[in-house]
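A short worksheet on the structure shown next.
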Amino acid sequence: MKMVVLKAVLATLLSMLASLAICWTAIHLAGGSMNWFPALMSALCPLLIAFPASMYTFYQNHRIALAHQELEAAHDELAGVYRKLAAAARIDDMTRLLNRSTFIAELNAAGQRGAGGVLLVIDADDFKGINDTHGHLTGDRVLAAIADVIQSVFSKEGIAGRIGGEEFGVFLEAATLARGKALAERLRCAVERVEVQAPRNAIARLSVSIGVASVDSKADFSSLMAIADEQLYTAKAGGRNRICAPDMEGVTVHLRTAS
């Protein structure tokens with residue numbers, strides 16, 4: 001507000017000087033001489049008119065500037081909220097991995113680039129037994145622990161997500177089947193070493209079964225998932241805590257939109 005008054009005073013002084021200059025010029029051009037009355041009127045009129053008008057104008061400008069700043073602050077806040085909501089819409093709350101829809105969308109986008117890759121479908125072994133024995137809160141901690149291992153193993157490559165219940169997916173774009181199997185084995189061994197604290201000082205021991213699907217060209221989630229699911233079923237039927245993959249690398253799948 002102090003700045004508004006200072007601006008109004010300055011504008012008024014300039015108006016008074018301009019009025020005096022105009023009055024003096026007009027009188028001298030008419031052949032007269034300046035005396036106290038025209039000088040007083042030349043100063044008084046701008047003082048009575050310019051000061052209130054300037055105060056009002058500068059005050060309104062000040063309010064508009066403040067409103068603009070508040071609007072920008074609100075816009076920045078809304079943008080921040082939108083970014084957080086957009087991020088939250090992509091992430092599974094419990095595991096902090098991509099949720100199912102985002103994982104599928106990103107896999108399909110990567111698959112359209114035509115570089116192929118490897119899909120790992122990772123399933124927590126005997127998860128129902130863990131829930132029944134130790135409770136659902138322990139089951140939640142088990143899922144979070146497996147997700148932490150997935151993030152650790154695939155921190156520098158791959159798209160990782162929770163695709164349903166106790167099932168996770170990782171897609172390694174442009175990876176070979178051998179590379180996918182090697183990372184799957186690293187993950188399996190890492191999970192096997194994890195122990196989750198359960199109620200009454202009990203320990204929940206973990207393992208995962210992993211089904212692998214590979215493609216050397218365009219890929220989509222539905223086709224790769226069908227292959228990986230078949231391999232996962234074989235791993236479960238074979239005793240769990242193991243990896244199963246196709247014998248041949250480069251299983252051909254055709255691109256289509258996954259639902």
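The values are calculated or read from the model by the stated rules, or taken from the named source; none is laboratory data. Because the structure is predicted, anything quoted here is derived from the model rather than measured. Reconstructed Cβ throughout: ideal geometry from the backbone, glycine too, with neighbour counts over all protein chains shown.
Output the residues belonging to region 207-243 that are over 15 Å from GLY117 (Cα atoms), not small (Gly, Ala, Ser) and not in a helix (DSSP H, G or I).
The answer is VAL208, ILE210, ARG240, ASN241, ARG242, ILE243.
Going by what's in this entry, would ARG188 be described as among the charged types (D, E, K, R) and part of a helix (DSSP H, G or I)?
yes
Of all residues in region 101-117, count the ones that are more than 14 Å from GLY158 (Cβ to Cβ), touching a residue at least 40 places away in the same chain (Cβ under 8 Å) and surrounded by fewer than 16 Cβ atoms within 10 Å (Cβ to Cβ).
The qualifying residues number 3.
Step by step: first the residues of region 154-180, then only those that are over 13 Å from ILE122 (Cβ atoms) and of a type in the set (D, E, K, R), then the one that is surrounded by the most Cβ atoms within 10 Å (Cβ to Cβ). Which residue is that?
By that ranking, first place goes to GLU173.
Hey, among the residues in region 136-153 that are buried (at least 19 other Cβ atoms within 10 Å of the Cβ) and without any contact (Cβ under 8 Å) to a residue 40 or more places away in the chain, which one's nearest to the chain's Cα centre (by Cα)?
Restricting to residues being buried (at least 19 other Cβ atoms within 10 Å of the Cβ) and without any contact (Cβ under 8 Å) to a residue 40 or more places away in the chain, the top hit is VAL153.
With the requirement that a residue be of a type outside the set (D, E, K, R), surrounded by fewer than 20 Cβ atoms within 10 Å (Cβ to Cβ) and either closer than 18 Å to ARG186 by Cα or not assigned by TED's automatic domain parsing to the domain that holds GLU166 (or both), what does region 226-245 give you?
ASN241
Checking VAL215 against (1) buried (at least 22 other Cβ atoms within 10 Å of the Cβ); (2) modelled with pLDDT of 95 or more; (3) under 18 Å from LEU232 (Cα atoms), which single condition isn't satisfied?
Failing condition for VAL215: (2).
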